[in-house]
Number of protein chains: 2
Amino acid sequence: MNSFSFQNQTNIVFGQGTVNQLASLVAPYGKTILLVYGGGSIKRSGLYDEVLAQLKSIDAKVVELSGVEPNPRLTSVNKGIELCRSEKVDLILAVGGGSVIDAAKAIAAGALYDGDVWDFLMHKAQIKDALPIGTILTLSATGSEMNGNAVISNWETKQKRAFGSQHVYPRFSILDPTLTYSVPRDQTVNGVVDIMSHVFEQYFTLTENAPLQERLCESVLLTVIENAEKALENPNDYDARANLMLCGTMALNGGLISVGTQNDWASHGIEHEVSAIYDIPHGSGLSILFPNWMKYVYKERIDRFTQFAERVWGIERGSKSDDELALAGIEATREFFNRIGAPATLAHYNIGRDNLDVMAREAVLFGPLGNFKKLQQEDVKQILELAL
Amino acid sequence: MNSFSFQNQTNIVFGQGTVNQLASLVAPYGKTILLVYGGGSIKRSGLYDEVLAQLKSIDAKVVELSGVEPNPRLTSVNKGIELCRSEKVDLILAVGGGSVIDAAKAIAAGALYDGDVWDFLMHKAQIKDALPIGTILTLSATGSEMNGNAVISNWETKQKRAFGSQHVYPRFSILDPTLTYSVPRDQTVNGVVDIMSHVFEQYFTLTENAPLQERLCESVLLTVIENAEKALENPNDYDARANLMLCGTMALNGGLISVGTQNDWASHGIEHEVSAIYDIPHGSGLSILFPNWMKYVYKERIDRFTQFAERVWGIERGSKSDDELALAGIEATREFFNRIGAPATLAHYNIGRDNLDVMAREAVLFGPLGNFKKLQQEDVKQILELAL
């Protein structure tokens with residue numbers, strides 16, 4: 001394995017009813033809270049009222065930013081930054097899924113930055129400080145509740161970009177699995193694909209001699225696979241929801257499961273280009289792209305893919321060649337995504353060849369994409385073509 | 001799984017040559033450093049000179065506490081506390097294995113406490129604050145480099161007791177696997193047993209529905225088993241040493257691999273009583289006691305032990321009964337300990353029946369021991385008898 005440093009300061013508070021700890025978690029940070037949320041599902045579920053009651057109990061002043069989009073947009077981020085400045089916000093409280101939390105991170109960093117927050121997404125400036133963030137997670141997917149990553153879409157320039165910083169790790173995150181009972185089926189599916197994709201990005205690596213990290217990745221994958229259909233069949237299955245929630249957090253909590261290994265992230269890069277133009281759900285984009293990325297790259301290190309087939313999908317080698325075994329593992333991934341109802345082709349969203357060149361060009365804007373195989377513009381285009 | 005909260009703020013800096021980051025890691029905390037170390041192996045290895053050079057480069061004033069014992073003693077802790085007060089120490093830098101780090105934690109808490117530091121060990125007082133601690137780890141074993149636990153021996157009262165606190169998590173820990181190349185064979189063995197025992201204490205639980213946590217535990221165990229003999233055969237095998245070091249840290253980094261489950265810790269409790277009187281190495285005590293604890297308790301939840309046999313030791317069920325399969329897993333543990341040269345009986349240290357009653361009584365001083373099976377004084381005595 002490679003040298004690394006790792007630190008993750010987020011305090012996670014996990015379990016049914018843990019929202020009742022919100023007041024005591026918020027109190028140390030001050031009285032003025034920017035409450036960030038999405039389309040209003042937290043009002044329908046009653047969570048909004050519960051949050052306000054908790055904040056009222058400590059006499060907090062609550063400023064609201066609602067309507068944050070599923071692919072959170074720069075326009076929402078800028079609104080939040082304005083509110084932080086005009087209202088002198090002490091803490092940003094994100095209540096929602098990864099999109100809401102990502103927006104909160106960009107707001108937190110932007111509020112203490114003199115320039116344009118988009119600079120951070122375009123790698124033109126480094127985050128040096130940020131307002132503190134707390135979260136209440138309502139969707140198992142991105143891991144944003146325990147890491148320093150955020151993805152923001154700029155709808156004017158049709159760009160979807162990411163940043164990462166130690167300064168925007170949430171100070172605390174409340175993870176109550178019962179808050180995910182009401183997540184619609186398609187969003188649960190997208191979350192499952194997102195969690196698994198985060199592990200894939202770390203698991204398929206050229207780094208040698210990282211047996212513990214490989215097993216930690218496999219542990220998350222096996223547990224997601226085991227629990228996804230249970231959660232879909234019975235949305236109120238506490239154990240299944242709790243296992244998925246913990247897997248989502250573990251899959252991307254600052255890279256703990258893959259310390260000292262080089263990650264890939266090419267599939268995420270390609271997906272960002274697709275949803276930058278077509279605004280499709282991130283998890284759906286990954287479900288379409290990842291098996292095709294696998295097919296395109298598996299020969300780079302076929303032993304990673306034979307191990308994946310055997311350990312994650314339980315496929316026995318028997319008389320199979322390396323090639324057959326590796327492809328059987330990729331096919332099992334595709335079949336699992338199909339089984340839970342995740343899309344398999346760009347055609348599912350009526351996406352054709354129109355923008356393949358634009359997407360491929362934007363994907364390599366900062367250089368070749370990924371590490372397992374370094375993808376040039378032409379490679380990206382071929383993967384997109386496989387996904388049509 | 002149960003509700004839980006988890007936070008681990010330690011910054012781990014891992015890899016060959018990372019000691020050269022010491023100066024920049026120490027600098028934010030101040031100029032007066034209490035350097036805590038053990039019997040002098042760090043002088044023979046050259047690490048001591050390297051540390052002093054790093055500290056000199058930031059004009060630090062270094063105060064020394066050397067000679068911390070393998071089972072660190074209250075007398076050493078009290079010396080350290082005196083030094084912290086008289087020299088107005090800003091940061092405690094522990095260079096060594098778990099004993100040295102544990103002593104540093106007790107010193108850090110005791111220096112800011114008006115009463116007797118032993119109060120913390122006897123649960124008479126709660127730690128409210130502590131001086132900051134940094135560590136350079138030289139032995140893969142206790143996980144103390146990334147948790148808030150410490151075990152201290154009081155040689156006057158023949159008591160060995162533990163405390164845990166968020167306040168004494170190291171702020172940073174430097175983990176350079178090459179620093180463990182010179183660890184003697186028996187200490188490497190004790191470290192391996194200690195790491196595996198920490199996982200056992202978390203893995204054998206009555207908590208239902210924690211499949212990810214079970215797999216994380218199994219991941220650590222499989223990786224330790226795979227690398228232990230490599231490190232023993234070739235002490236300078238970087239990969240084997242690095243894997244063991246990462247496993248040691250992951251095995252007990254604040255309980256990450258077992259969040260939301262009830263841990264046991266009975267075997268540690270019994271071992272502490274044995275070494276409180278006989279001052280044997282902690283890892284050796286665990287190697288003697290753990291297989292006997294397993295044999296004594298396995299029927300409480302035999303499925304935990306059959307899973308252990310199958311997943312960790314790769315034993316196929318075939319026509320075996322649950323009982324036979326569970327016992328085969330326990331036997332495989334015993335055989336592995338034998339194979340790496342860890343002791344199997346108290347007789348190995350010429351320990352007989354003399355103090356069995358005293359040890360059994362002290363072990364349950366604060367009530368029944370453990371959770372997988374709640375052990376009364378008589379149970380502890382029977383386990384000790386099995387271990388004779």
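Axis angle, to the nearest 10 degrees, between helix B:377-386 and the longest C-alpha principal axis of chain B: 80 degrees. Across chain B, the relative contact order, built from alpha-carbon pairs under 8 Å that are at least six residues apart, equals 16 percent. Averaged over peptide A:215-222, the number of partner chain Cβ atoms lying within 10 Å of each residue's Cβ comes to 5. For trypsin sites (Lys or Arg not before Pro), the sites in the stretch A:16-85 that DSSP calls loop and that have at most 16 other Cβ atoms within 10 Å are A:31. Excluding ligands, DNA and RNA and using a 1.4 Å probe, chains A and B jointly bury around 3200 Å² of accessible surface, summed across both partners. Each copy carries a label point for residue A:114 at 7 Å from Cα along the beta-carbon vector; from one copy to the others these points are 4.8 nm apart, nearest first.
Rounded to 0.05, the FRET efficiency of the residue A:75 and residue A:31 pair, given R0 = 30 Å and the Cβ-Cβ distance, is 0.60. Applied to the stretch B:34-51, the Karplus parametrisation 6.51 cos²θ - 1.76 cosθ + 1.60 on θ = phi - 60° returns per-residue 3J(HN,Hα) values of 8, 8, 10, 8, x, x, x, 4, 6, 6, 4, 7, x, 5, 4, 5, 5, 5 Hz, with x for Gly and Pro. Under the simplified labelling scheme, the residue A:323-residue A:53 pair shows an inter-label distance of 6.4 nm, with each label point 7 Å from Cα along Cα→Cβ. For the stretch B:113-171, what class follows from the C-alpha gyration tensor (a ≥ b ≥ c being the square roots of its eigenvalues): rounded when a/c is under 1.5, otherwise prolate if a/b is larger than b/c, else oblate? Verdict is oblate for the stretch B:113-171. Site-free segments of chain B were taken between GluC sites (Glu not before Pro) in DSSP loops having at most 12 other Cβ atoms within 10 Å, sites themselves excluded; the longest one is B:1-155.
If the label point is 7 Å along Cα→Cβ of residue A:262, which residues in the stretch A:182-226 have backbone nitrogen under 11 Å from it? Residues passing the 11 Å test: A:205-208.
Averaged over its residues, the stretch B:11-179 has an accessible area of 38 Å² per residue, based on protein heavy atoms and a 1.4 Å probe.
Across the identical copies, the label point of residue A:323 (7 Å from Cα in the Cβ direction) is separated from its matches by 5.3 nm, in order from shortest.
Legend: mean number of C-beta atoms from other chains within 10 angstrom of residue C-beta atoms, peptide A:168-177, equals 1. In a DSSP loop and with at most 16 other Cβ atoms within 10 Å, the trypsin sites (Lys or Arg not before Pro) in the stretch A:296-334 are A:317, A:320. Each of the peptides A:95-103, B:100-108, A:236-244 was scored by the mean count of other Cβ atoms within 10 Å over its residues; in descending order, highest first, they stand as B:100-108, A:95-103, A:236-244. Determine the shape class of the stretch A:188-262: with a ≥ b ≥ c the square roots of the Cα gyration tensor eigenvalues, call it rounded for a/c under 1.5, and otherwise prolate if a/b is greater than b/c, oblate otherwise. Prolate, because a/c is 1.5 or more and a/b exceeds b/c. Of the trypsin sites (Lys or Arg not before Pro) found in the stretch B:123-211, the ones in coil according to DSSP and having at most 12 other Cβ atoms within 10 Å of their Cβ are B:124, B:128.
Between the amide H of residue A:207 and those of A:262, distances stay under 5 Å, these residues lying 5 or more places away or on another chain, with hydrogens modeled in the peptide plane.
Panel note: contact residues of the stretch A:191-213 (accessible area lowered by at least 30 Å² against the chain on its own; 1.4 Å probe) correspond to A:209, A:211, A:212. For chain A, the ratio of Cα radius of gyration to the globular rule of thumb 2.2 N^0.38 Å stands at 0.96. Model label sites at residue A:208 and residue B:206, defined 7 Å from Cα along the beta-carbon direction, differ in position by 4.9 nm.
With contributions of -39500 (n - 2.57) from each DSSP H run of at least four residues, the per-residue ellipticity at 222 nm computed over the protein assembly as shown stands at -14500 deg cm²/dmol. With label points defined 7 Å past Cα in the direction of Cβ, position residue A:56 shows copy-to-copy spacings of 6.6 nm, given to one decimal and shortest first.
Shape index of the stretch B:185-386: Rg/Rh, with Rg the Cα radius of gyration and Rh the Kirkwood radius from the inverse mean 1/r over Cα pairs, equals 0.95. Rounded to whole numbers, the Karplus 3J(HN,Hα) couplings from phi for the stretch B:225-242 are 4, 5, 9, 4, 5, 4, 5, 6, 6, 10, x, 9, 6, 4, 4, 5, 5, 5 Hz, using 6.51 cos²θ - 1.76 cosθ + 1.60 with θ = phi - 60°, and x at Gly and Pro. Per residue, the average separation of C-alpha pairs within less than 8 Å and at least 6 apart gives the stretch A:87-184 a relative contact order of 32 percent.
Between residue B:64 and residue B:234, the modelled labels are 3.6 nm apart [label points 7 Å from Cα along Cα→Cβ]. The C-alpha atoms of chain A define a longest principal axis, and helix A:282-297 lies at about 30 degrees to it. For the stretch B:1-23, heavy-atom accessible area (probe 1.4 Å) falls by no less than 20 Å² from the chain alone to the full protein assembly at B:1, B:3, B:4, B:5, B:6, B:7, B:8, B:9, B:11, B:12, B:14. Counting only residues at least eight positions apart within a chain, or on another chain, the aspartates and glutamates with an alpha carbon under 13 Å from that of residue A:105 are A:129, A:145. In square angstrom, what is the accessible area per residue of the stretch A:204-349 with a 1.4 angstrom probe? Counting only protein heavy atoms, the per-residue value for the stretch A:204-349 is 32 Å².
Here the translational diffusion coefficient of the protein assembly as shown follows from Stokes-Einstein with Rh set to the Kirkwood radius across Cα pairs; for 4 °C and 1.567 mPa s it amounts to 47 µm²/s. Across the accessible surface of the protein assembly as shown, with the other protein chains kept in place and a 1.4 Å probe, carbon and sulfur atoms take up 46 percent.
Which residues does a label at residue B:128 reach in the stretch B:80-107, if reach means a backbone N under 13 Å from a point 7 Å past the Cα toward the Cβ? Backbone N within reach: none found. Distance from the C-alpha centroid of the stretch B:72-102 to that of the stretch A:64-132: 43 Å, rounded to the whole angstrom.
Taking every DSSP beta bridge that has both ends in the stretch B:11-179, the antiparallel portion is near 20%.
Compute the Cα gyration tensor for the stretch B:11-179, then decide on rounded, prolate or oblate, letting a ≥ b ≥ c be the square roots of its eigenvalues: rounded whenever a/c is under 1.5, prolate when a/b is larger than b/c in the other cases, and oblate in all that remain. Prolate, since a/c reaches 1.5 and a/b exceeds b/c. Apply 1/(1 + (r/R0)^6) to the Cβ-Cβ distance of residue A:310 and residue A:114, taking R0 = 35 Å, and write down the FRET efficiency to the nearest 0.05. FRET efficiency, residue A:310 to residue A:114: 0.05.
Please report the net charge: other residues with Cβ closer than 10 Å to the Cβ of residue A:251, K and R +1, D and E -1. Combined, the nearby Lys, Arg, Asp and Glu give -2. Of all beta bridges DSSP finds with both residues in chain A, what is the antiparallel percent, to the nearest 5? For chain A, the DSSP antiparallel bridge percentage is about 25. Taking 13 Å as the straight-line reach from the Cα of residue B:381, the aspartates and glutamates in range (excluding those fewer than 8 positions away in the same chain) are B:271, B:273, B:354, B:357, B:362.
Express in whole angstrom the spacing between the alpha-carbon centres of the stretch B:293-307 and the stretch A:172-201. Answer, in whole Å: 34.
The values are calculated or read from the model by the stated rules, or taken from the named source; none is laboratory data. This structure is a prediction, so every number in the text was calculated from the model and none was measured. Heads up, the Cβs are rebuilt from the backbone with ideal geometry, glycines too, and the neighbour counts pull from every protein chain shown. Just so you know, the surface numbers come from the protein's heavy atoms only, side chains and all, with ligands and any DNA or RNA stripped out. Shrake-Rupley method; radii C 1.70, N 1.55, O 1.52, S 1.80 Å.
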